[in-house]
Amino acid sequence: MAITHAPITILLVEDNPGDVFLVRRALQKNGLQADLVVAEDGQAGLLLMDRVDADDSFTCPDLALLDLNLPRATGSRVLARIRQSRRCGSIPIIIVTSSDSALDRELAAKLGATSYFQKPGDLAGFMQLGSVVRDALGNHADGGPVPPHSPQSGTPSLRQ
């Protein structure tokens, strides 16, 4: 398995600590060196995006992972906010949720999600998320389909 050389920054909006652990493990297992910035609810995700747009010294994440069922603001609301971002609107966004609802899938697609990963009930299935992330990053770097906004580059981390 090839290891990425430059760490990437991934925004994870997830309220379940167990799922945060599994996401970290899936990324590691797939050789992705990632600085995982965790927002523990939807409101924290919205505030983080507001801060990134308000302060050019903060860089956009390279990719976002969003749960749909979040306290304080839904994942769909966070998805819409990222797509409206003046700086981060074109980053890949993967929905990571337990929902298999056709309505949730349709709304995620309508709002511009790059892909939809239903949380499986087993560890091996969850580890597949790493390859989904790798594919999304590769497609984005290769100029694959992205939403209409283009991010601006910067150097400082989201964690600043």
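Bear in mind that the values in this text are calculations on the coordinates, not laboratory data. Not measured: the values here are computed from a predicted model. FYI the Cβ positions are ideal-geometry reconstructions off the backbone, even for glycines, and counts take in every protein chain you see.
Name the residue that is surrounded by the fewest Cβ atoms within 10 Å (Cβ to Cβ), counting only residues in the stretch 94-137 that are acidic (Asp, Glu) and under 21 Å from residue 28 (Cβ atoms).
Applying the filter and picking the extreme gives 122.
Regarding the stretch 67-77, can at least one residue be identified that is among the charged types (D, E, K, R), in contact (Cβ under 8 Å) with a residue 60 or more places away in the chain and more than 16 Å from residue 108 (Cβ to Cβ)?
No, because not a single residue in the stretch 67-77 is among the charged types (D, E, K, R), in contact (Cβ under 8 Å) with a residue 60 or more places away in the chain and more than 16 Å from residue 108 (Cβ to Cβ).
Just to be sure I understand the filter: pairs with C-beta atoms under 6 Å, separated by 6 or more residues or on different chains, first member in the stretch 84-98 and over 9 Å from residue 52 (Cα atoms), second member surrounded by fewer than 21 Cβ atoms within 10 Å (Cβ to Cβ) and of a type in the set (S, T, N, Q). Which pairs pass?
That search, which allows pairs on different chains as well, returns 90/150; 94/115.
Failed condition for residue 26, given (1) within 20 Å of residue 116 (Cβ to Cβ); (2) without any contact (Cβ under 8 Å) to a residue 60 or more places away in the chain, with all others met?
So the condition that residue 26 fails would be (2).
Would you call residue 35 within 14 Å of the chain's Cα centre (by Cα) and surrounded by fewer than 17 Cβ atoms within 10 Å (Cβ to Cβ)?
Taking the combined requirement at face value, the residue satisfies it.
Quick one: in the stretch 43-73, which of the residues that are out of contact with any Lys or Arg (no Cβ under 9 Å at 6 or more places or on another chain) and surrounded by 18 or more Cβ atoms within 10 Å (Cβ to Cβ) is farthest from residue 113 (Cα to Cα)?
If we take residues in the stretch 43-73 being out of contact with any Lys or Arg (no Cβ under 9 Å at 6 or more places or on another chain) and surrounded by 18 or more Cβ atoms within 10 Å (Cβ to Cβ), then 48 is farthest from residue 113 (Cα to Cα).
Yes or no, residue by residue, for (1) more than 17 Å from residue 126 (Cβ to Cβ); (2) more than 15 Å from the chain's Cα centre (by Cα):
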site	(1), (2)
8	yes, no
12	no, no
17	no, yes
31	no, yes
41	yes, no
48	yes, no
64	yes, no
72	yes, yes
